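The values are calculated or read from the model by the stated rules, or taken from the named source; none is laboratory data. Predicted, not measured: the structure shown is a model, and the values here were computed from it. As a convention, Cβ positions derive from the backbone with ideal geometry for all residues, glycine included, and neighbour counts pool all protein chains shown.
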Amino acid sequence: MIYVWLTTLLIFNACSVLLVLFSLPGNWLMIAATGLFAWWKWEDGVFSIYTLIAITILAAIGEIIEFIAGAGGAKKAGAGWLASLSAIVGAMLGAAFGTFLIPFPILGTLLGACIGARTATLSIEAISGKKIDHSIKTGLGAGLGVFLGTTSKFVIGMSIWLTIAIAAFVG
């Protein structure tokens, strides 16, 4: 019966990984679900404390990369601190709108996040009196940063999922 529960956990976690592409906390859902499963079935010894620590560290690294990438992309392109911060907010709003307005699953969300970061950064830079060329450059930097941050976090999420799968059935 334990294998049925483990398979269910892995299916849930696979769905959670996809949530990362929608700017939702999919990696943390995997950590929570696996932690609860480990606590529930601790006597079966499926997941060690070291596995739980490792996947938690991976999730934290994913968050740091995603956070830094959006703001860092704008900052590296020459944006001010307010425009860099707006890239993060713009990415979240853009992901929400992109999910509904761009009719391609997952791609719409990712494009929406990139466009939202770009638009927010460009707008703040333009409002603050920067030249349009500079504003466009920083907006593109923010969009690229969000894309790299989200894809990096997704790859880390896949690594978390694979770690859990190996620990469940091999380890």
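Every residue in segment 1-50 that is surrounded by 12 or more Cβ atoms within 10 Å (Cβ to Cβ), hydroxyl-bearing (Ser, Thr, Tyr) and part of a helix (DSSP H, G or I), please.
Thr7, Thr8, Ser16, Thr34
Only residues in segment 70-87 that are within 9 Å of Glu125 (Cα to Cα) and at pLDDT 80 or above count as the first member; pair them with residues that are in a helix (DSSP H, G or I) and not aromatic (Phe, Trp, Tyr), Cβ under 8 angstrom, at least 6 apart or cross-chain, and list the lot.
From residues that are within 9 Å of Glu125 (Cα to Cα) and at pLDDT 80 or above, the pairs are Leu82/Ile124; Ala83/Ala74; Ala83/Ala120; Ala83/Thr121; Ala83/Ile124; Ala83/Glu125; Ala83/Thr138; Ala83/Ala142.
For Phe97, which of the numbered conditions (1) more than 28 Å from Leu52 (Cα to Cα); (2) more than 13 Å from the chain's Cα centre (by Cα); (3) at pLDDT 80 or above; (4) buried (at least 18 other Cβ atoms within 10 Å of the Cβ) fails to hold?
(4)
Among (1) modelled with pLDDT under 95; (2) of a type in the set (A, V, I, L, M, F, W, C); (3) out of contact with any helix residue (DSSP H, G or I) (no Cβ under 6 Å at 6 or more places or on another chain), which single condition is Ala60 missing?
Here Ala60 meets the rest and fails (1).
If you check Gly129, Gly139, Gly80, which single one turns out to be at positive phi and over 18 Å from the mean Cα position of the chain (by Cα)?
Gly129
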